1. Every residue in segment 61-74 that is surrounded by 14 or more Cβ atoms within 10 Å (Cβ to Cβ) and either of a type in the set (S, T, N, Q) or not in a helix (DSSP H, G or I) (or both), please.
2. If only one of Thr48, Thr61, Thr34 is assigned by TED's automatic domain parsing to the domain that holds Phe118, within 14 Å of Ile119 (Cβ to Cβ) and at pLDDT 95 or above, which one is it?
3. Filter segment 103-131 for residues that are in a loop (DSSP other than H, G, I, E, B), of a type in the set (A, V, I, L, M) and under 20 Å from Val39 (Cα atoms) and give the result.
4. Please indicate, with yes or no, whether at least one residue in segment 29-36 is of a type in the set (Lys, Arg) and more than 19 Å from Pro138 (Cα to Cα).
5. Quick check on my filter: what residues within segment 81-102 are crowded, with 24+ Cβ neighbours inside 10 Å and outside any strand (DSSP E or B)?
6. Filter segment 38-58 for residues that are in a helix (DSSP H, G or I) and over 19 Å from Val215 (Cα atoms); which is nearest to the chain's Cα centre (by Cα)?
7. Restricted to segment 14-37, and to residues that are under 13 Å from the mean Cα position of the chain (by Cα) and outside any loop (DSSP other than H, G, I, E, B), which residue is farthest from Val83 (Cα to Cα)?
8. Among the residues of segment 155-171, are any polar (S, T, N, Q) and touching a Pro at 6+ places or on another chain (Cβ under 8 Å)?
Amino acid sequence: MTSRDLESLKKSAALKAVEFVRDGMVVGLGTGSTAKHMVAALGDRVRTGMKLRGVPTSQETAELARQAGIPLIDSDNRWEIDVAIDGADQVDPHFNLIKGGGGALLKEKIVAGSAKQFIVMVDHTKQVSVLGGAFPLPIEVVPFGWGSTAREIEALTQSHVVLRERNGAPFKTEAGHLIVDVHLDRIDHPGELETALNLIPGVVETGLFVGRTNVLIVGTPQGVQTVHVPGK
């Protein structure tokens with residue numbers, strides 16, 4: 001499957017996701033390649049008269065939203081988010097996710113946690129039988145003593161931890177933190193791992209999104225599949 005084919009599947013999932021947005025809603029705007037299609041589609045709706053306001057999960061998304069004509073809410077506000085729409089790097093059969101490939105995991109989790117409904121849109125290649133493997137788990141950590149934090153993460157997970165870099169320098173998140181990527185063969189109990197990692201001093205947040213998904217939308221070569229998560 002070509003990159004153009006994958007991009008088409010991402011776009012089809014994004015177009016289905018925006019169907020959940022109603023006039024007057026406050027919408028959490030995710031970050032990433034699929035989210036770009038979602039923001040563009042919402043911009044089209046705004047131009048045809050829909051009233052909505054957005055809460056972006058990154059400066060990149062905020063800029064895309066402004067270009068699309070979507071009014072944004074100040075990031076310091078106490079939001080009432082009706083629906084948050086975002087992509088994922090992996091999704092397992094229990095609708096748990098790994099996110100953070102783009103480095104926006106902290107804001108993404110804050111927005112997802114503040115939303116009444118969290119909609120995840122992916123192409124079918126992001127579906128896995130178990131989290132981990134080919135895609136590392138991102139963990140956001142404070143710069144102070146990050147090496148010691150990484151050592152504790154390695155001891156807990158019995159896995160290799162790599163400091164994320166960009167252009168030869170440590171990658172910095174918008175909050176000024178670092179990201180370490182944890183290479184795990186498989187994550188059989190993501191909820192337990194998320195809890196244990198968050199107890200390590202220096203860990204700000206993990207890229208595990210456990211039990212948060214309300215609706216999963218998957219772009220496949222056979223069409224778009226929409227799954228409403230049971231009990232959510």
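1. Initial filter on segment 61-74 (surrounded by 14 or more Cβ atoms within 10 Å (Cβ to Cβ)): 61-62, 64-66, 68, 70, 72-73.
Of everything in segment 61-74, those that are surrounded by 14 or more Cβ atoms within 10 Å (Cβ to Cβ) and either of a type in the set (S, T, N, Q) or not in a helix (DSSP H, G or I) (or both) turn out to be Thr61, Ile70, Leu72, Ile73.
2. Values: Thr48 fails: within 14 Å of Ile119 (Cβ to Cβ); Thr61 fails: within 14 Å of Ile119 (Cβ to Cβ).
It is Thr34.
3. Taking segment 103-131 first, the residues in a loop (DSSP other than H, G, I, E, B) are 103-104, 128-130.
Applying the additional criterion that residues be of a type in the set (A, V, I, L, M) yields 104, 128, 130.
Correct list: Ala104 only.
4. First pass over segment 29-36, keeping only residues of a type in the set (Lys, Arg): 36.
Add one more test, that the residue is more than 19 Å from Pro138 (Cα to Cα), and what stays is 36.
Checked segment 29-36: at least one residue is of a type in the set (Lys, Arg) and more than 19 Å from Pro138 (Cα to Cα).
5. Selection gives Gly87, Ala88, Lys99, Gly100.
6. Taking segment 38-58 first, the residues in a helix (DSSP H, G or I) are 38-47.
With over 19 Å from Val215 (Cα atoms) added as a condition, the list becomes 40, 43-47.
Numbers: Ala40: 17, Gly43: 20, Asp44: 23, Arg45: 23, Val46: 24, Arg47: 26 Å.
Result: Ala40.
7. Just the residues of segment 14-37 that are under 13 Å from the mean Cα position of the chain (by Cα), to begin with: 28-36.
Those left that are additionally outside any loop (DSSP other than H, G, I, E, B): 28-29, 33-36.
Working: Gly28: 6, Leu29: 9, Ser33: 19, Thr34: 16, Ala35: 14, Lys36: 16 Å.
So the residue we want is Ser33.
8. Scanning segment 155-171, I find no residue that is polar (S, T, N, Q) and touching a Pro at 6+ places or on another chain (Cβ under 8 Å), so the answer is no.
The values are calculated or read from the model by the stated rules, or taken from the named source; none is laboratory data. Values in this document were obtained by computation on a predicted structure and should not be read as measured data. We place every Cβ from the backbone using ideal geometry, glycine too, and count neighbours over all the protein chains shown.
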